[in-house]
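This report concerns only the one structure given below.
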Amino acid sequence: MDAAIVTKDLTKIYAEGRIEVKAVSSVTLQLNEGEVVGLLGPSGSGKTTLLSMIGCILRPTDGSIKIYGNEITGMDETTLPNIRKKYISFIFQGFNLFPALTAIENVLLILKLKGINKNVSNQRAKDLLTVVGLSERMHFLPRDLSGGQKQRVAVARALAANSPIILADEPTGNLDYTNGRKVMEILRNLAVEQKRCVVVSTHDNRIEDIFDRILLMEDGQIINEKRRLS
Amino acid sequence: MFYVALKIISYDKVRSFITLLGVVFAVSLIFAQMGIYLGLMETSSIIIDHTPGDIWITSKNCKNFDFSQPLPEYLYYHVLSTEGVQWAEKLIVTWGIIKQKEGGTEQVEVVGYNPDTGIGGPWKMKIGDSRAVKNGNFTIVDDSAKRRLGDVKVGEYREVLWKRLEIVGISQDVKSFTTAPIIFTSYRLAQKLDPNWIGPDKTVFVIAKVSPKYSVEQVIKNLKKRLKGVDVYSKESFSMKTRLYWTIETGVGFSFLLTISISFLIGMLIVGQTIYNSTVEHIKEFGTLKAMGASNFDIYKLIFSQALINALLGYFMSLIITLLSVKIYEATEMVMVVNMWVNVLILGLTMLMCLSSALVSIRKIKKIDPAILFRG
Ligand SMILES: Nc1ncnc2c1ncn2[C@@H]1O[C@H](COP(=O)(O)OP(=O)(O)OP(=O)(O)O)[C@@H](O)[C@H]1O
Ligand SMILES: [Mg+2]
């Protein structure tokens, strides 16, 4: 079976005028289903850049990425959406929920775009919102939800879509410790249970214990790797 | 997608209301301008369109119904004896001065027709009979002329071109395009009213009816071969020529076109800027959809749905406003045309206006920078 994500010598250089910034430098790694991976490192170390490339929304300058065996580095904007549709969901620091749509409508919109049958998606959206603890607030608009609740909607949205890969960039960045931790625990439990491959970039050392595997980044490179002893 | 677009629109009620108001304003103006224009055009050829017969023979280079030159009357007999002509009739259209009861004068357009056949005469009478103008100094005045001529009554006398004429009937629906009221007399009287211009041996038009077995084109060809120094038109093309004359050569059409275009542009700007703002405000959400596999096309559908909702809501509100205001127009003796074709045309224009205005947002979606998604 193919690994969820395989990168080889993945490099991203941002060129702004004459200044070049090597944001990610020759990253080679393999990530598997059922793994919850933490991407840690100081600000500017390249976490977000790496995550964007893995998520097929940013083109690498060099190197290759395989998503379930599909080499995506050569693909153009007509085929890439299909890869993203099939394999990838995101959770962002800023939640990025449509303010005009209720919690459940935000989840359903993604399910529709992912091409999931309407009868199935209704039930699935309800189930997941219940699992993340929002059964009472499914029909609330984002403005009527707290930050932690909004992020739980985003988690439900990412998981409902059945994408095998879930990428989260600073998902606790806008939340206090308790709420952040709660969201991360929900994400972890569901991911393990459903054998997803989850990659989370974060500054927050206090949630290290959530991860099965921790990749430590610095200056665009992975300088250290820790695995949970189990 | 339509549902999501509807939710987005109804979320920001104030903005959506203002946008809708803009669309309704623009589209109602287009309705009114187009309706009035078509009404005027209908009026400009109203007598041609209501006169039986298939072919109109006019003086050379005649530009329209209202300003034609006299023709020798014997042409009528030539027309009558041309192959394929079933019947022919003469019709005079000329200008006159009418004395007002309380002093002053008004210009009138005098139509002289044969009262025995009624061809070219009034097609709908409010009071009296169209044959009543026969054998005497009689006239029929249209009901719509009351605004200019005061209260005209059957039995009264009015002086037209220094002849006292008795009003013997009131016609209906013969609205005047030139604003000079239309009055009818017998063909013979019309010749005598202005002896220097028309006179006893002249007509202005000859109208012909094509025999059942002949085609109009064929008979026009026959007539052109036979008659020299005249123009020969089918009824439809003479009607169209008259309309085009007023549309193009007087600048009337241009001013309507200008107003319609400006309304269209205003509507486009209002919708365009609302949709653009909304797109910019939702750029992170749209980017998130893209990051999870939505194609650009999926998101265009969402944006165009918003435009479409604006178009449809705006259109139907404008239609209602227009239908209500038609009644007001009728009260002022003006004609505003609102028919199936106008409705469909304006629906198309409204859609074009709203959808094309959404195009500016397309570029924004195509070029979403993934970096913005990650900003807290
Ligand atoms: N769009 C961009 N254009 C130019 N340079 C960029 C861009 N995005 C990131 N960089 C640079 O690339 C480097 C890595 O940035 P990145 O955002 O990946 O780091 P990060 O680890 O996610 O940081 P943080 O923890 O602050 O989110 C930084 O030096 C940053 O300034
Ligand atoms: Mg970052």
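One table, with the values for the structure above:
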| read-out | value |
| --- | --- |
| Highest-MSF residue in chain B out of B:S295, B:S68, B:S130 [GNM, Cα springs under 10 Å] | B:S295 |
| Accessible surface of A:D176 - all protein chains present, 1.4 Å probe, nearest 10 Å² | 80 |
| Within region B:186-210: backbone nitrogen closer than 16 Å to the B:S234 label point (7 Å, Cα to C-beta) | B:208-210 |
| Lys, Arg +1 and Asp, Glu -1 on Cβ, resulting dipole of the protein assembly as shown about Cα centre, debye, nearest 20 | 480 |
| Highest-MSF residue in chain A out of A:K85, A:K47, A:K118 [GNM, Cα springs under 10 Å] | A:K118 |
| Using θ = phi - 60° and Karplus 6.51 cos²θ - 1.76 cosθ + 1.60, couplings along region B:19-24 (whole Hz; Gly, Pro as x) | 4, 4, 4, x, 5, 4 |
| Proximal lysines relative to B:K163, as straight alpha-carbon distance under 21 Å, when same-chain residues fewer than 8 apart are discounted | B:K99, B:K101, B:K134, B:K146, B:K153, B:K192, B:K202 |
| Carbon/sulfur fraction of accessible area - the protein assembly as shown, other protein chains in place, 1.4 Å, % | 56 |
| Farthest toward positive dipole pole in the protein assembly as shown [+1 Lys/Arg, -1 Asp/Glu at C-beta], among A:A15, B:I365, B:S81 | B:S81 |
| Rounded to the nearest 10 Å², the accessible area of B:H50 at probe 1.4 Å | 90 |
| Region B:210-334: relative contact order in percent, alpha carbon pairs under 8 Å with at least 6 residues between | 12 |
| Signed unit charges on C-beta, dipole axis of the protein assembly as shown, positive-most listed residue B:V141, B:Y11, B:P52 | B:P52 |
| Reachable lysines from B:K221, criterion Cα separation under 23 angstrom, eight or more residues apart if same chain | B:K60, B:K63, B:K90, B:K209, B:K213, B:K235, B:K241 |
| Accessible area per residue, Å², region B:83-206 with all protein chains present, probe 1.4 Å | 43 |
| Sequence-separation-based contact order of chain B, relative, with Cα cut under 8 Å and 6+ spacing, percent | 28 |
| In the B-A interface, the accessible area buried, summed over both sides, Å² (probe 1.4 Å) | 2500 |
| Fluctuation leader among B:T43, B:T185, B:T279 - chain B, Gaussian network, Cα springs under 10 angstrom | B:T279 |
| Rounded to the nearest 20 debye, dipole of region A:3-227 from Cβ charges on Lys, Arg, Asp, Glu | 700 |
| Chain B - charge dipole about Cα centre, Lys and Arg +1 at Cβ, Asp and Glu -1, debye rounded to 20 | 700 |
| Residue-averaged [θ]222 nm for chain A, counting only DSSP H segments that reach four residues, each worth -39500 (n - 2.57) | -9500 deg cm²/dmol |
| For the protein assembly as shown, the spread of Cα positions along each principal axis, largest first, Å | 121, 49, 49 |
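The values are calculated or read from the model by the stated rules, or taken from the named source; none is laboratory data. Being a predicted model, the structure only gives us computed values, none of them experimental. Note that each Cβ is placed from the backbone with ideal geometry, even for glycine, and that neighbours are counted across all protein chains shown. With ligands, DNA and RNA removed, areas are computed over all heavy atoms of the protein, side chains included. Shrake-Rupley method; radii C 1.70, N 1.55, O 1.52, S 1.80 Å.
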